[in-house]
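Trainee: Would you mind keeping the following structure in view while I ask a few things?
Just so it is clear, none of the values below were taken in a lab; they were calculated from the coordinates. Treat the numbers as computed from the prediction; the structure is a model and nothing was measured. All Cβ positions, glycine included, derive from the backbone under ideal geometry; neighbour counts span all protein chains shown.
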Amino acid sequence: MNRKRKIGGKKMKYQKINKTMIIALALFAVVIHVGNYTFFTMPSILFYAWHLFLGLFFIFLTNPLGKGKELSPSILMACRVADWTLIILTIVVSGYVIINYESYVFNMQNNKLNDQLFVLGIIITLIVLEAGRRVLGNVLPLIAIVAIIYALFGNKISGLFGHRGYSVQRVVLAIFSDRGVYGTPIGTSATNVYLFLLFAAFLNVSGADEIFQNIATALAGKKRGGPAKMAVIASAFFGTISGSCVANVVSTGAFTIPLMKRSGYRKDVAGAVEAVASTGGQIMPPIMGAAAFVLADVTGVQYATVCISALLPAFMYYFCLMKMVDLEAVKYGIKGLAESEIPDLGESLKRGMKLFVPVAVLLFMMLVLKTTPMKAAIFATASIIIFGLLDGKNRMKLQDMIDGAVSAGKSLCSVVGACATAGIVVAVFSLTGLGLKFSNFIVQMGGNSLIPSLILAMLVCAVLGMGLPTTAAYIVCATAIAPALVGLGVPLLPAHLFLMYFASLSAITPPVAVASYAAAGIAEENPMKVGLTAVKLGITGFILPFAFVLNTDYVTLTFSFQTLMTILSSIVICYSLACLLQGYVESKITIFERIGYLVVIVLAITPFLVHSAIGIVLFVVLYGGRQLEARKKYRILA
């Protein structure tokens, strides 16, 4: 008994020390990242080295070996020794790069690799692979290992994918340089992603989830199918700041999915609505997901421009989903919530001011003042703290700020794991020219035709996305496929948005659909059933990338008649697609009407104004006719 108590006491003491270190590391991360854009500026590679060091340290502290398992004292001790061995090695490698920054950069730029750098390069490669495995699973690390093997033995492959062969030293040099683990992926994580994770974390500790749910309930709760519409609105709000589909499902879905089930929605529909709405957060401006920041860096396009380009497609995604759940309510006669369950909208908006003002600050600085996203995120986060301190009813405390910093650090783990491991893959692609070879392969398989090549690109993104987070899947696809699409005449930004969309939508695409699986757990339904329903409800997301590649007006908004017609066409397309798939307007429609809506979509989605105008007129006839019929019926019954 005494021995068990002693072991338990040691375990508690270790956990307390671990927690203290996590807090200290989280606060130091805030100082490094915020300080770099306010009080001091480090050379980029030096800053990336600090960022990677902090991210890896976080991963090994918060994701220890044997996490969540009951282990014997001896095995637990062995796991801790392994964890701290990796932490110490991380300190050694990162410390070397940070302290000897100038000589490191000189050697990398001149392709010089002495014995010391060779050993450190092997160590950081193994550390990154293990860190990626802990936070992402086996798929991306395995892809990275296969890439390394390809670099070493690709000279034995004949044909398109063969190469002249590279030594271990040359491969390690590529991985250890600014083409690999200190390259663009980790650079994006350091410069953009962390500061927006910090912004989102501080919004959350300010009570964003509860406030967004109340606003969504007040706006849509009384309408038919109110709980599902609440889920769409709340998840759009929350997803905009979180950028993580699974986190979005777990947080808002815990409230919305049981409510949808109680209101009469089938379990698979309830889960699918939340999964689709939560996944949309990755493509919804102003924050979107981490992949959007990588996209901006890779393409050299300002992040604000990416947001503006993504605005109309994101609107269409949610607009169609809202109409789909509305027609689902028509189909099954699902009512809204009772008056007693609806919070006061004015009070909810008043409470939400401390959240809306920081978002307004963010948008104003990025879109009007044209500041960098990093500075905009810092000032927006500062405004959260200021308004939180001024909130008399729910004043932000010091512990809330610490919790926000820790939450940002924990969120950083998956991003750093993905970006650093993807950096290994990118290094091999760059060294061997595999990206260009893969692009040529796509073009050849597609017969030099755009549509078949787009379909192949979609399939590759979907397959990669099954086992990878969105950011990692996008990085690999952008490296391997984007050059092929650009070579076929697709403009740079639409080509990359196409890949980012399908990397994001893999979260709801069976057989491995992480957002659908998370929602299925809450809905207590078969994950595959939820996934298939999610594909139906989120069908707009699968059509949109093809639409804006073939008609770039959807991602090129201007103050013109063309843009006005594009917006009108987008509304018509969303309504028509929902009616076509659900087979209802205010009542069941005929097969001929469904064909009519298909014709509307085909006409309205084209870049030709005359076709769009004809499609809009046809939609007014079809949809307006059913609405008039429903009103006449209502008057007779009344």
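Trainee: Just how large is the dipole of the chain about the Cα centre, in debye to the nearest 20, putting +1 at every Lys and Arg Cβ and -1 at every Asp and Glu Cβ? Don't jump to the answer; show the numbers that get you there.
Mentor: On the way: 49 positive and 26 negative charges, 312 e Å.
Once rounded to the nearest 20, the dipole reads 1500 debye.
Trainee: Which FRET efficiency value, to the nearest 0.05, is calculated for PHE153 and MET77 with the Förster distance at 45 angstrom and r the Cβ-Cβ distance? Provide the component values of the computation, followed by the final result.
Mentor: Values: r = 39 Å, r/R0 = 0.86.
According to the calculation, E is roughly 0.70.
Trainee: State the dimensionless ratio Rg/Rh of the stretch 558-638 (Rg: radius of gyration of Cα atoms; Rh: Kirkwood radius). Don't skip to the end; give the middle numbers.
Mentor: Numbers: Rg = 13.9 Å, Rh = 13.2 Å.
Dividing the radius of gyration by the Kirkwood radius yields 1.06.
Trainee: Between ILE595 and LEU349, 0.36 nm times their residue separation minus their Cα-Cα distance comes to what? Working shown, then result.
Mentor: Values: separation 246, 0.36 × 246 = 88.56 nm, distance 4.24 nm.
Working it through step by step, the gained length comes to 84.3 nm.
Trainee: Once the Cβ-Cβ distance between GLN109 and LEU609 is put in as r, and R0 is 51 Å, what FRET efficiency do you end up with, to the nearest 0.05? Let's see the in-between values first.
Mentor: Values: r = 53 Å, r/R0 = 1.03.
About 0.45, to the nearest 0.05.
Trainee: Right, next: Please arrange VAL426, VAL359 by counting, for each residue, the other beta carbons lying within 10 Å of its beta carbon, fewest first.
Mentor: On the way: VAL426 27, VAL359 20.
Ordered by Cβ neighbours within 10 Å, fewest first: VAL359, VAL426.
Trainee: Moving on. So what's the stretch 287-392 giving for Rg/Rh, alpha carbon basis, Kirkwood Rh from the mean inverse pair distance?
Mentor: Rg/Rh for the stretch 287-392 comes to 1.09.
Trainee: What order, most packed first, do the peptides 362-375, 129-142 have when packing is the mean number of other Cβ atoms within 10 Å of each residue?
Mentor: 129-142, 362-375
Trainee: Kirkwood-based Rg over Rh for the stretch 381-422 (C-alpha set), two decimals?
Mentor: On the way: Rg = 14.2 Å, Rh = 11.8 Å.
Across the stretch 381-422, the Cα-based Rg/Rh ratio is 1.20.
Trainee: For the stretch 13-118, would you read off the P(r) tail past 17 Å as a percentage of all alpha carbon pairs?
Mentor: Details: 3451 of 5565 pairs.
That fraction is 62 percent.
Trainee: Sticking with this one: How far apart, in nm, are two points set 7 Å out from the Cα along the Cα-to-Cβ line at ARG266 and at LEU436?
Mentor: 5.1
Trainee: Now, a different point. Inverting the mean 1/r over all pairs of different Cα atoms, compute the Kirkwood radius of the stretch 393-492 and quote it in Å.
Mentor: Numbers: mean 1/r = 0.0639 Å⁻¹.
The Cα-based Kirkwood calculation yields 15.6 Å.
Trainee: What is the order of SER235, SER506, fewest Cβ neighbours within 10 Å to most? Could the numbers behind the result be given before it?
Mentor: Details: SER235 33, SER506 25.
The order, fewest Cβ neighbours first, is SER506, SER235.
Trainee: Regarding the chain, what's the average projected area of the Cα-atom convex hull, expressed in nm²? It would help to have the intermediate numbers written out before the result.
Mentor: Numbers: hull surface 130.1 nm².
Approximately 32.5 nm², given one-decimal rounding.
Trainee: Compare the Cα positions of VAL325, THR125, CYS579 along the charge dipole of the chain (+1 at Cβ of Lys, Arg; -1 at Cβ of Asp, Glu; about the Cα centre) and return the one farthest towards the positive end.
Mentor: VAL325
Trainee: Going by how many other Cβ atoms sit within 10 Å of their own, how do LEU52, LEU86, LEU152 line up, fewest first? If you can, show how the numbers build up before the last one.
Mentor: On the way: LEU52 28, LEU86 21, LEU152 16.
Least crowded to most crowded, the residues run LEU152, LEU86, LEU52.
Trainee: Let me ask you something else. Kindly count the pairs of lysines across the stretch 1-157 whose alpha carbons are less than 23 Å apart, treating pairs on different chains or eight or more residues apart as eligible.
Mentor: Lysine pairs satisfying the spacing and distance rule in the stretch 1-157 number 21.
Trainee: In degrees from 0 to 90, rounded to the nearest 10, what is the angle of the helix 398-432 Cα long axis to the longest principal axis of the chain?
Mentor: Value to nearest ten degrees: 80.
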